[in-house]
Amino acid sequence: MKKHVLMLAATASLGVFGGVANAATLEDVMDAGFVQCGVTEGVTGFSQPDENNNWTGLDVDYCRALAAAIFNDPTAVRFTPTTSADRFTVLSSGEVDLLSRTTTWTMTRDTQLGLMFAGTMFYDGQGFVVRKADGIKSALDLGGAAVCIEQGTTTELNAADYFSSNGMEFNPVTFTGQDEVLKAFEDGRCDVITSDSSQLAGNITEFADPSAYELLPEIISKEPLAITVRQGDDTWFEITRWVYHALLEAEEYGITQDNVDDMLGSDNPAVRRILGVEGDFGTPLGLTKDWAYQAIKATGNYGEIYERNVGADSPLNLPRGLNALWTDGGLQYAPPIR
């Protein structure tokens, strides 16, 4: 199961930052036999368990790709649901090895909380959902409206900024969890809900009558939802970052879950490096040469992960937009594996 070279000696000597950060996370993960992945719970398209506790979603698939890169086994992962309030505590305490959940990359979080952001899995922005019956057509019409919102999030801060900058009365009704926000909105305790627009799109599909609600056109923030690890372990940070990059590189070079075995015979040097046929880009990470091949074989490339979970092959049917590759006008761009 563990197809690995020994950890580099340098890994064990890395400094410790951000409190309890562990400088040998990969070693701990290998000893445990699985990756412990912190996720959200019940966010359609991103991370959601079924009645048998089988998890699916874009963030879940990244964790499976990471497990495949480390163990050659995409099932060697356990999922820990986290809330907006406890996610960073759960990570910093070592209860999880990473967060692959709807967490916005901000300067404060990057510089003051002992965190590092390995890559943006989804470029999002904050929006608003209202009842169609209320006749609200723009977020600029929301002055004085009761806004159901999850406390302790960038969502709350963004909304306050938006209302203030537009000279509107901000009337927040805050809750500790998103489930409470949704219930309060459905119960009529507020006029509008606000969150990441992708999450709101999923929320609408779960309402008793989705046709009774609509997402307003305004996007009021930048929400780069990123893979998050503790500071103090450069090797673990690099592993999580380069698995993400490999999924993007695979899409750019047309490497898919179905054709990855055929691509082992490619004449393209870039493809051969990605798949471990040429060079050895695994050993510096403490992994085997075929780490990226294993990740792609397990989950497909980034585009495949996107389409089946939140894109055209999913109930959300979200366009790629900013999440398209740079070659298609999007922001998803990976440094080369070479």
Task: Tally of residues being closer than 26 Å to residue 26 by Cα and acidic (Asp, Glu) across the range 229-262 - done: 4
- [ ] Enumerate the pairs (first residue in the range 160-173 and part of a loop (DSSP other than H, G, I, E, B); second residue anywhere and among the hydroxyl-bearing types (Ser, Thr, Tyr)) with beta-carbon separation below 9 Å, excluding pairs fewer than 6 apart on the same chain, so at least 6 apart or on different chains.
- [x] 168/162; 170/162; 170/164
Open item on the list: Here's a check for you: in the range 202-220, which residue that is assigned to a helix (DSSP H, G or I) and among the small types (Gly, Ala, Ser) is nearest to residue 159 (Cα to Cα)?
Closed with: 202
- [ ] Considering each of 287, 248, 225 in turn, give the residue that is touching a strand residue (DSSP E or B) at 6+ places or on another chain (Cβ under 6 Å) and not in a strand (DSSP E or B).
- [x] 248
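Would you mention how many residues in the range 309-338 are assigned to a helix (DSSP H, G or I), without any contact (Cβ under 8 Å) to a residue 60 or more places away in the chain and touching a helix residue (DSSP H, G or I) at 6+ places or on another chain (Cβ under 9 Å)?
To start, the set of residues in the range 309-338 that are assigned to a helix (DSSP H, G or I) comprises 309, 321-323, 326-328.
If we keep only those that are without any contact (Cβ under 8 Å) to a residue 60 or more places away in the chain too, we end up with 326, 328.
Retained after the next criterion (residues that are touching a helix residue (DSSP H, G or I) at 6+ places or on another chain (Cβ under 9 Å)): 326.
Number satisfying all stated conditions: 1.
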Task: Meets criteria (modelled with pLDDT under 95 and aliphatic (A, V, I, L, M)) for residue 76 - done: no
Open item on the list: Here are the criteria: (1) of a type outside the set (Lys, Arg); (2) closer than 30 Å to residue 325 by Cα; (3) touching a Gly at 6+ places or on another chain (Cβ under 9 Å); (4) buried (at least 21 other Cβ atoms within 10 Å of the Cβ). Tell me which single one residue 128 does not satisfy.
Closed with: (3)
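Taking only the range 132-155 into account, find how many residues are touching a Pro at 6+ places or on another chain (Cβ under 6 Å) and either assigned to a helix (DSSP H, G or I) or not assigned by TED's automatic domain parsing to the domain that holds residue 179 (or both).
If we filter the range 132-155 for residues that are touching a Pro at 6+ places or on another chain (Cβ under 6 Å), which is where we start, we get 147, 149.
From what is left, the residues that are either assigned to a helix (DSSP H, G or I) or not assigned by TED's automatic domain parsing to the domain that holds residue 179 (or both) are none.
The qualifying residues number 0.
The values are calculated or read from the model by the stated rules, or taken from the named source; none is laboratory data. Here the structure is a predicted model, which means the values were calculated and not measured. Here the Cβ is made from the backbone with ideal geometry for all residues, glycine too, and neighbour counts use every protein chain on show.
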